[in-house]
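Working notes, structure below.
The values are calculated or read from the model by the stated rules, or taken from the named source; none is laboratory data. Since this is a predicted model, take the numbers as computed values, not measurements. Cβ: placed from backbone, ideal geometry, glycine included. Neighbour counts: every protein chain shown.
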Amino acid sequence: MSGNFGFVPPSDDGSNNSENEDGNPEDNPHFAEIFKQFSGMGLDIKSLIASLSGSGTAANLSRDVIRDISRKTLSAHGELPVGLTDLNQIHEAFTIADLWVDGATTFPSLGIPENCAMGRGEWIAASLTGWHELAKPLIDGLSEGMANAITTETNAAEMPIPGIGNIAGVMSTFMSSMIATQLGQTIGNLATTLTGANDVALPLLKPARTFLIPQNVAKWSDGLEIPEAEVRIFLALREISAARLFANTPWLTQYLESTITAYGKGIQIDFSAIQEQAQEALASGELDPANPESISHALTSGMFTPGETQAQSNALAKLEMVLALIEGWIDQVVVDAAGDRLPSLLKLRETQTRRRATQSPTQQLFAALVGLEVSPRTARECATFWREIGELKAENRDRLWEDAVLLPEQNDLADPIKFLKSTIVPDDLSGLI
């Protein structure tokens, strides 16, 4: 394997080992500016140095990097404090919405928290652990794929390659830092648009709870010419519906993580393909080893993304389906809860649908991490599926969330009644309607 990536094994006399010559590489003036540049990109420099020296462990997804990058990204947009008027208005909206949702789902109320209005930065802090847990399987899969690729490369060489074991650690650490940076930037940007704790339609908060972000609620409703009270109630309905779903489906978080894990386990690293891509990028000027930003762009734009296996395609289809089912269920519960009590419901739903089609929070996240695109069509089909199920009996709709095995697959969406009957034992058919 050639050394085109700049990862040169240390020589026996230590001439290439900057740490032997100058102590801590971070204190070496020759590397100080490079370390500063890469740290600004979110790279975990200490882990990278440990990998270079052979003392590092498997790559980790740094929560500190994710948090710092997300806060830095948010700071570029600004944040308004939450005032007492904001809190009172949102508490009123939640109180109304919670009563309405009682009639649309069998999942019980979680109550209205005192702190039901929060700022953008508070959302980041509250959701950080959830984001980290969802993305970690990608790093685990990346590390395993890198180790397997190194083993294959070593066997193909038919002779020991000095320092090759360290290269796996270096590249895994580098890629994990890039993913942490990518995730941090995505979270920071989402904090400027998400309207509440559950707007992302993922079970990120433990325990499940509700709050709205007043600054973003105002931004969401800007130009709609709809009374602000109606907008707040509509968004509160979505928050409460999602929170009740997540609180009553404890298996859902593990299901999402296991699906992402299945994708991660399929990661295969092809050094020859990466080398070819790198050489082409170097020749075109797209990749400049002296410019950390160009390296970051190359990695996060998918230049070095490994090819997708069939197992990964299956995992992504499974992930898209459950995300669409969540979104569709929330939408239909909101419709049933609001009934004819929100004059602007149709326009509010249309606004939400357009927003999801162009800047869906889950779309932004999973597109950045694994290239997943949640089809708006699938989300609409899922909403229709839940509507038809609910028209028979609301508890049938909620009962399907008892376990992952009860959820429909793509080909079940076309005939909800047939699917529902397939999940009920013969003696229970009388309870279908």
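Of note:
- Of the residues making up region 266-289, those that are closer than 22 Å to L316 by Cβ, modelled with pLDDT of 70 or more and in contact with a Pro (Cβ under 8 Å, 6 or more places away or on another chain) are I267, Q268.
- Of the residues making up region 332-379, those that are buried (at least 18 other Cβ atoms within 10 Å of the Cβ), under 30 Å from Q182 (Cα atoms) and at pLDDT 80 or above are T351, Q352, T378, A379.
- Taking first residues from region 328-341 that are at positive phi and partners that are buried (at least 22 other Cβ atoms within 10 Å of the Cβ) and of a type in the set (A, V, I, L, M), the Cβ contacts under 9 Å between residues at least 6 apart in sequence or on separate chains come to G339/A104.
- Residues in region 374-407 that are more than 18 Å from E350 (Cα to Cα) and among the small types (G, A, S): G390, A394, A404.
- Qualifying positions in region 394-420 - assigned to a loop (DSSP other than H, G, I, E, B) and more than 24 Å from the chain's Cα centre (by Cα): L400, L413, A414, D415
- When each of L224, L183 is tested for being in contact (Cβ under 8 Å) with a residue 60 or more places away in the chain and surrounded by fewer than 23 Cβ atoms within 10 Å (Cβ to Cβ), the lone residue that passes is L224.
- Residues that are in contact with a Ser or Thr (Cβ under 9 Å, 6 or more places away or on another chain), surrounded by 23 or more Cβ atoms within 10 Å (Cβ to Cβ) and at pLDDT 85 or above do occur in region 105-113, at least one of them.
- Selection from region 58-87 of residues that are of a type outside the set (G, A, S), closer than 18 Å to Q215 by Cβ and touching a residue at least 12 places away in the same chain (Cβ under 8 Å): R71, T73, L74, H77, E79, L80, P81, V82, D86, L87
- Taking the listed residues D140, D86, D98, the one that is crowded, with 17+ Cβ neighbours inside 10 Å, closer than 18 Å to L61 by Cα and among the acidic types (D, E) is D140, with no other qualifying.
- Residues that are at pLDDT 85 or above, in contact with a Leu (Cβ under 9 Å, 6 or more places away or on another chain) and of a type in the set (A, V, I, L, M, F, W, C), drawn from region 384-433: F385, W386, I389, L400, W401, A404, L406, L407, I417, F419, L420
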